[in-house]
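Here's the structure, in C-alpha cells; my notes come after.
The values are calculated or read from the model by the stated rules, or taken from the named source; none is laboratory data. Since the structure is predicted, the reported quantities are computational estimates derived from the model, not experimental observations. Ideal geometry is used to build each Cβ from the backbone, glycine not excepted, and the neighbour counts take in all protein chains shown.
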Amino acid sequence: MSTLRQLRNSAPSSDQARDFMDRAHAVYAITRSLDGLRLGNWTHPLISWLGNYDGLEGLIPPEDDPVINVRDLLARYLTQGRIEIGLIAVDLSTMRFLHHRAAWIDERKGQRRNWMPLQQPWLDFVTHGEVGDDLRLWQSEKPWPPSEQVRHHLLAGYVRQNGLR
C-alpha cells in the first residue's frame with residue numbers, strides 16, 4: 001500500500017476531526033497568528049519561552065493555561081491587523097499564568113529552591129525535588145519573573161533571532 005493511501009486510510013473521519021480550538025492545536029495557532037502579524041521570525045523565541053511553562057497547566061486553573069492564553073492573545077491581535085511587537089511583549093509579560101510560582105521546600109533543613117521560569121523549564125524543575133522536599137505552588141499578586149524581565153527576555157530573543165544586535 002502506498003504511503004499516501006496509508007495516510008488517507010488513517011485520517012480521522014469527519015466525526016473525529018480535530019477542533020482547531022483544542023489545546024493540542026494551540027501551538028500551531030500561535031505560529032499562524034505570528035505569521036499573520038508578520039512576526040513569524042519571533043516564533044522560535046516565543047515558543048521556547050512558552051515551553052518553559054509546559055506541564056504547569058495541569059496544576060493551575062484552566063483559565064490560566066499558558067498556551068491557550070498566548071493563543072487567544074495573538075488571535076485578538078490578528079483581528080486588529082499589524083501590531084507592534086513591543087505592545088505584544090507588554091501584554092505577554094503580564095499574563096495571568098506568570099503569577100503562578102513554585103518552590104521545592106525542605107522545612108527540616110530550612111531550604112527553599114524557587115522555580116526560575118526564564119532559566120529552567122517547569123518539567124526540569126519538578127524533577128529536581130529531593131527526599132523530604134515538598135513542592136509548593138502559589139499565586140502571587142505580581143508576575144514572576146517581573147514583567148520588565150519577561151519583556152526584555154522576549155524582545156532580546158527577537159533581536160537575536162533576527163541578527164539585529
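Would you be able to tell me the number of residues in region 108-154 that are touching a Phe, Trp or Tyr at 6+ places or on another chain (Cβ under 6 Å) and of a type in the set (Asp, Glu)?
1
So which strands (runs of 3 or more DSSP E) stay within region 76-165 end to end and still have 3 or more residues that are modelled with pLDDT of 95 or more and either surrounded by 15 or more Cβ atoms within 10 Å (Cβ to Cβ) or polar (S, T, N, Q) (or both)?
100-106
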